[in-house]
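In what follows, a single structure is set out as structure tokens and then discussed.
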Amino acid sequence: METKSAKVMSALKDETGLTTTEYAVGTVAVAGLSGVLIKLLLSDNVRNLLWSVISSAFSRFFG
């Protein structure tokens, strides 16, 4: 017969559903990060910076 503390320890060691929780937290984190990235890339300052970097790279390669 299992003691009460053994049952508690067994329940604490049980990792059933842990993978699902990890995926859920990861999905929420990626969704939040992608929202920030989209907002950042749509800003005028970042768009102008990217355009100048790309223009400079093309002008160096193609004259």
Cβ contacts < 8 Å: first residue in contact (Cβ under 8 Å) with a residue 60 or more places away in the chain and part of a helix (DSSP H, G or I), restricted to region 35-62; second residue loosely packed, with under 10 Cβ neighbours inside 10 Å and acidic (D, E), any location; separation 6+ or different chain. Result?
none
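Looking at region 39-63, which of its residues are among the hydrophobic types (A, V, I, L, M, F, W, C) and surrounded by 10 or more Cβ atoms within 10 Å (Cβ to Cβ)? Lay out the reasoning, then the answer.
Step one: list which residues in region 39-63 are among the hydrophobic types (A, V, I, L, M, F, W, C), which gives 40-42, 46, 49-51, 53-54, 57-58, 61-62.
Residues satisfying the conditions are L40, L41, V46, L49, L50, W51, V53, I54, A57, F58.
Read-outs: derived from the displayed coordinates by stated rules, not from any lab. Remember, predicted model here, so these are calculated numbers, not experimental data. Reconstructed Cβ throughout: ideal geometry from the backbone, glycine too, with neighbour counts over all protein chains shown.
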